[in-house]
DNA sequence: AAATTTGAGTTATAATATAACAAATCCTCT
DNA sequence: AGAGGATTTGTTATATTATAACTCAAATTT
Ligand SMILES: [Zn+2]
Ligand SMILES: [Zn+2]
Ligand SMILES: [Zn+2]
Ligand SMILES: [Zn+2]
């Protein structure tokens, strides 16, 4: 199992990603007069610390370690809050959660998920959304939310597979 | 709650849809030398009978009524088989299953799901797939499977909502 | 400070899905 | 037709993901 990659999800210093995400979240909550409580902040941090989307139950041990109640409702509430504020996304095809790359803007997101290393990347996919919107207009369908999750193999894992077959 | 619509998912005679789907499935299995056993056929029929995607557990009572074992593995196995043969799709955002509109061709499908009447429509979305493929190429990402599920309001339900607000 | 709102702790349970093994059925080959 | 092997189904148990309902604590408002 390949474990550590850089380029697909994060080009270099991941601690920087985490710090930036946390700062942005704090700012966003300040602006909206919402409370980024300790549990919520921890959950957001844990999610950002992983390059792989995490399941709700994956977060519980860390919550326990930090002295919080580690029953499911605690983490689901935090996740619900973070999702409502657009700070994390839920990946329906994985039952897992990941930090949002560009919070603040309300959007559904488009995700590429590597089936080898399980890392996931969110992209801004305006052309895609436009195409989808055209389809919807043809049907007279009014879009509320989109779930776009692409499973496949990331560049790093493709390379690794190619080498191992050589 | 609006319950009965026609145009969005099926223009007129739904029994015809069901019959056609079953015939196609039988033909496909004959061609591939696979066994469309009674359970599998019943599950496929049940799924096609509903305009709304059905959860696995929704199927169990009908299986019991028909004299089959109605424990979860039975229905999940049938669903697995039908999915593998491209006869049904699983909607990740709903944990539900629906019949495929154009089986035989291997594809991931693009689904429009009405949040009012819960009906769902599968479309062939070549432009969408092309756009997604372009995004993937930019990332050097090799696509295995796509999950595209669009939640919103179907034309019929839009109309109904507009009338009720009048 | 009292009242109100919001968030978190706690217990229990719902909803969805799979593991593992036994029994039955079907297919192939003689 | 019958033995042997493969596939399918039955059965029991359990894993995984998510929510309901109620209580208590903390924060915010009045
Ligand atoms: Zn996002
Ligand atoms: Zn990878
Ligand atoms: Zn299809
Ligand atoms: Zn509708």
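The values are calculated or read from the model by the stated rules, or taken from the named source; none is laboratory data. What you are looking at is a predicted structure, and each value in this text was computed from that prediction instead of being measured. So basically every Cβ, Gly included, is an ideal-geometry build from the backbone, and we count neighbours across all protein chains shown.
I'd like to check which helices (runs of 4 or more DSSP H) are fully inside the stretch B:1-85 and have at least 1 residues that are at pLDDT below 95.
In the stretch B:1-85, the matching helices (runs of 4 or more DSSP H) lie at B:14-32.
May I ask you to list the residues in the stretch A:134-158 that are away from DNA strand C (no atom under 16 Å from the Cβ), farther than 13 Å from residue B:151 by Cβ and surrounded by 14 or more Cβ atoms within 10 Å (Cβ to Cβ)?
A:135, A:139, A:140, A:150, A:152, A:153, A:154, A:155, A:156, A:157, A:158
Go through the stretch A:137-161 and count every residue that is modelled with pLDDT of 90 or more, more than 21 Å from the chain's Cα centre (by Cα) and more than 7 Å from chain B (Cβ to nearest Cβ).
Residues in the stretch A:137-161 being modelled with pLDDT of 90 or more, more than 21 Å from the chain's Cα centre (by Cα) and more than 7 Å from chain B (Cβ to nearest Cβ): 4 in total.
Looking at A:120, A:56, which is the one that is touching a residue at least 40 places away in the same chain (Cβ under 8 Å), within 30 Å of residue A:158 (Cα to Cα), surrounded by 17 or more Cβ atoms within 10 Å (Cβ to Cβ) and within 16 Å of DNA strand C (Cβ to nearest atom)?
The conditions single out A:56.
Within the stretch A:110-159, how many residues are under 30 Å from residue A:31 (Cα atoms) and within 16 Å of DNA strand D (Cβ to nearest atom)?
Here the count works out to 4.
Which residue out of A:71, A:64, A:78 is out of contact with any helix residue (DSSP H, G or I) (no Cβ under 9 Å at 6 or more places or on another chain), more than 9 Å from chain B (Cβ to nearest Cβ) and away from ligand 4 (no atom under 16 Å from the Cβ)?
Only one candidate passes the filter, namely A:64.
So residue B:122 ticks every box in (1) at the interface with another protein chain (Cβ under 9 Å from one of its Cβ atoms); (2) under 23 Å from residue A:125 (Cα atoms) but one. Which box is left unticked?
That leaves (1) as the condition not met.
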